[in-house]
Each structure stands twice: as structure tokens, then as C-alpha cells.
1. Lysine pairs in segment 203-363 with Cα distance under 14 Å, only those 8 or more apart or on different chains: how many are there?
2. For n ≥ 4 DSSP H runs only, could you compute -39500 (n - 2.57) per run for the chain, divide by its residues and tell me the 222 nm figure to the nearest 500?
3. Rounded to two decimals, what ratio of Rg to Rh does segment 186-226 give with C-alpha atoms and a Kirkwood Rh?
4. Give me the number: length gained by fully extending F113 to L235, i.e. 0.36 nm times residue separation minus the C-alpha to C-alpha distance, one decimal in nm.
5. In what order do K299, K135 fall by count of nearby beta-carbon atoms within 10 Å, going from fewest to most?
6. Based on Cα positions only, what radius of gyration and what Dmax would you give for segment 1-134, in angstroms?
7. What does the extension gain come out to for K154 and N306, with contour length at 0.36 nm per residue minus their alpha carbon separation?
8. Of all DSSP beta bridges located in the chain, what percent are antiparallel, nearest 5?
Amino acid sequence: MIGVNHQNMNETNKYVLLKSIVTQAPISRAELSQITGLNKMTVTGLVNEYIEKGIVGECGEANSTGGRKRVFLDVLPDSLLTLGIYIGRDILKVGIINLKGQILQSESLDLSFMENNDVFIKSLFMLCDHLLETKYKEGIWGIGVSCAGPLLAKDGVILNPPDFNNIRDLPIVERLTERYKLPAYLQNDMCVAALAEVYFGNKQQYNNFIYVGISGGIGGGVIIDKKLYTGSSGLAGIIGHSIVEMDGIQCECGQCGCLEKYSSTRAAVRWAKNNGASKELTWMELLDKATKGDEICTKAIERMMNYLAVAIINMESAYDTECFVIGGDLHFCQDIAIHHIQEKLQKRAFSWGKITEVKVEPSSFMGSASFIGTVLKWSLQVLWAVHHLSVQ
């Protein structure tokens, strides 16, 4: 029989407990024991440790039912801060985030063009240095990096995402750790988006779903039994590079006919320009014109959605999931996208029997366009980074 590493078990218990408090608070010790499966003695010991460290506090009592009143617990949000980094195709954002996913301070930089890795790293260090000069410096315990894939999350390396401003094969975790002497972690942005739906979103009724994020690129995060599934090499769910057109447009990944070349915001704008729209057209202008009945922009959206529906139907056939959660930069064409995809899924039929209806829903975090590329990403990184927490 293989011996159990009690140190590892203790750290796992700490993570499970803290995650439960972060996502379920206000919550009592008895409820924590039920949710986590940890015995009451273990819960009491770990809670006391967190209270002593100033990470968790008592926040009220339940109404008495005749016995001892239950005391509720919650995290003290600013007790542990994360330096969050989001690397998109067009923008670099760095912020200080607390345990509730609140942005305390942030800085951003346009990434329209980067000559090489060194230029990018200098820009990143400039933003990080500035934030680390603030009053929040002493509370920062780690760095969470969210980035478009493909990447090697375990190795902390950004590989070669398409259309990514000459950033490739970058050991970003190593560079950040060397400079700031803090633990740093890297994960695919769509994966952390999917995790946010599990823990902070309104998708609690689903055990299995796939998050699809549509922006300058397209990515996905697969949730199975309420856990992130990344596959044997961390590339599960890369819906943007599923083939939707045989012998189609050449993609930077080396394939032809990838979904990103047909249904990303960049692809829709490119198609509209090639078919008569202004050469200065932007994604937001395309959306605005489409809602006003512009023929070319309307066709661009319809084409975008048709290809997206093909890829999602293929993903449903592969994963047999309950729901697709649509997020990203769709903004006010979100309802059109969801209706179109739902309609296509309902029309699908197999000869061997009835198919359970697959839901298509908007992201829990799409209430305001200002949150799509900023607050959402930061809150996701905090939650993801908490997984690695080890209270010394």
C-alpha cells in the first residue's frame, strides 16, 4: 500500500476549505463539513488557522432553532491579493485583485504590435512594477496569468497563439518568478472562464458544460462533473481550431478551415471589408451597423453564426454535454447568437432515439461590455490562483 503524504493532504484540505468559503459564504463550520466531506475536527482546526492568519473571519450568527447558534464565516477579501495578468491578442492588462474577485487597481497597454518576446516582457514588467509600488504590495502573495492558447500551463510557457504579436515560446512563469520572487501560475483564459462559471456564475444546475469565448480568437473550456477537463496535453476544448470548412482558409496553426478564420470577431470584420464594407470598419461598428439593417454587416454576423453552430454541434457530438455557455465580445448580438445556435441544435436529429435538449446560455458575466475583457478576466484569475494557495 502506497503511503499518503500528509503534508500534501493537508494542503489539499486547505484549498478545498478556502474555496468553499470563498464561493459559498456566509457559511458555518457545520455546513463546511457537509460540503467538503472533512470531519468537524479538521474543519475547526483549519478554520482556526485561517482566522489566526487574518484570512477568514466570523461574520454573524444564524437564528436559533433551540440549540447552539451557528456562526457564519467569510473571507477577509484584502487579506490575500493576487497580481493578475491577462494577455489578450490586442491588450495587456495587469491588476491587483482580492479574494472576492474585486479589482483594487489596474493598468493596461495596447498590444497592437510587439516586435518580439523581449519587448513584450519589458512592457509587462513596466506595468507590474508600477502596481507593486502601491499600498497593496505587502498583501500580494502570488501572480496569476491568463492567456490565449495554445500554451503549456504546467510548464508556464506560452507557445505560439495565432495572431499574437510575435509572442511565442515564452517561459513567462519563469521570467515573472525570477523578477518578483513570487509564485506565478499560467492558465488558458477560456479554462479560467469556464471555472468562473462553475464557482461564481449562475450555472450551478449543470454538472457538464462547455464555455465558448468569442473574441479576436475563439477558445473553449470543458467542464465535466463540475471539474475542468484539459485533456492529456492541456488542449481539450480548443474549438477555435476545429475544422468547419474542408480545404478552407489557411490558419496560422498549420491547418486549413479552422473556426477562428470564420467566426472570430476579426474574421467577421475581415469578411465584411472584403465584401464591400469600409476598410476602416471595426467590430463594434460592424455590430452597430448590423443592428441598423446594413446588408453586408448583417450577412457577416449570419455567416459567423452559421460556422459557429457547426463547430458547437460537433463539440456536442463529441462531449455529450448539457449546456454551452457563450461569452466573449459578442455584446449586443449575444441574443442572436444564442438563438441561432439553439435552433441549430434543436434541428439536429439522430435515427437511434430521442436526444436530450442541449441548452445554450449567455455567460454569467456578460451583463456589461465593460466587464467582458477586464473584470471578468481578473475575477477568474483570482479563483484559479487560489487553487495553489498554501498557508505557511
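1. Values: K203/K226; K203/K227; K203/K359; K273/K289; K273/K299; K289/K299; K344/K359; K347/K359.
So the count of such lysine pairs works out to 8.
2. -12000 deg cm²/dmol
3. Rg/Rh for segment 186-226 comes to 0.97.
4. Fully extending the segment from F113 to L235 adds 41.3 nm.
5. K135, K299
6. For segment 1-134, the Cα radius of gyration and maximum Cα-Cα distance read 20.3, 69 Å.
7. Numbers: separation 152, 0.36 × 152 = 54.72 nm, distance 3.51 nm.
Full-extension gain reported as 51.2 nm.
8. 60
Any read-out appearing in this document is the output of simple, stated calculations on the displayed coordinates, not a laboratory observation. Fair warning: this is a prediction, and the values are worked out from it, not measured in the lab. Don't worry about glycine lacking a Cβ; one is built from the backbone with ideal geometry, like all the others, and counts go over all protein chains shown.
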